[in-house]
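Derivation of every value follows stated rules applied to the coordinates shown; laboratory data play no part. Small disclaimer: the values here were computed from a predicted structure and weren't measured. Here the Cβ is made from the backbone with ideal geometry for all residues, glycine too, and neighbour counts use every protein chain on show.
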Amino acid sequence: MRQYRLFPEDLPKPSHYELLGVSPSATEEEIKEAYKRLKSIYQPDSLAIYSLFSEEELENTSRALDEAYQVLVNERRREAYNEEMIQEGRLKPEELFQRGLAVAPERGQEVSFQGGEVTEEKGSFPQEEGIYKGEFLRRMRILKQVELNDISKVTKISVETLENIEKDNYEALPCRIYLRGFLIEYARCLQLDPTEVANTYLKYYDEWARKKMGR
């Protein structure tokens, strides 16, 4: 089975804050909680990412998480890191005082939504099956008679984030490492191939990111 990189080589790596999914103003406790959750998700035997990544990629990700954690829980190292980020224009000073936390949700339980029969009045499948962009996913969800609120309750992903996925609103979506997990959970709820959905959607996401960088 083909495996995929968590971070494309031609795109900038996420900051320590983005990697752990916390805001620059996060408390030490919030950082510890986010780190613990991510380390459990990206274990080699984790069902959430089973067969998606090679052992080497998982080891590299684990090291990146360790480095981010060690920097952010050390007051002096965190201050130096913040200063470096500010000088590079990747962090605004006011962000250090804005409260907020964007942690990855706990993995939802497996679920199968049972909707009614799909009729022509309710729509038809898009012509290009396998092109998992937001509109395709939205139409698939409607055809299966699944509400965003239902997916949100099961996966713990906010309705707003799910809406942004369906709208291809890349600017408002979380860090790539979280987005992959969100897409996998979303696909499972619709009984779609989670690997195919995540990797196809991220292909378009990466194209957008490259254009934004002028590459």
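Just a few scattered comments:
- Dividing the C-alpha radius of gyration of the range 16-97 by 2.2 N^0.38 Å, with N its residue count, gives 1.19.
- Order of Ser158, Ser40 under a 10 Å beta carbon neighbour criterion, fewest first: Ser40, Ser158
- Here the extension length gained between Asp66 and Gln145 equals 24.3 nm, from 0.36 nm per residue of separation less the Cα-Cα distance.
- Between Lys203 and Glu160, the contour length at 0.36 nm per residue exceeds the Cα-Cα span by 13.3 nm.
- The order of Tyr186, Tyr17, Tyr178, Tyr81, going from fewest to most other C-beta atoms within 10 Å of their C-beta, is Tyr81, Tyr178, Tyr17, Tyr186.
- Estimated vicinal HN-Hα couplings, Hz - the range 78-88 in sequence order (Karplus 6.51, -1.76, 1.60; Gly, Pro = x): 5, 4, 5, 5, 4, 4, 5, 5, 5, 5, 7
- Across Lys153/Lys203; Lys13/Lys203; Lys133/Lys212; Lys92/Lys212, pairs whose alpha-carbon gap is larger than 23 Å: Lys153/Lys203
- Panel order for Phe182, Phe97, by other beta carbons found within 10 Å of each beta carbon, from fewest to most: Phe97, Phe182.
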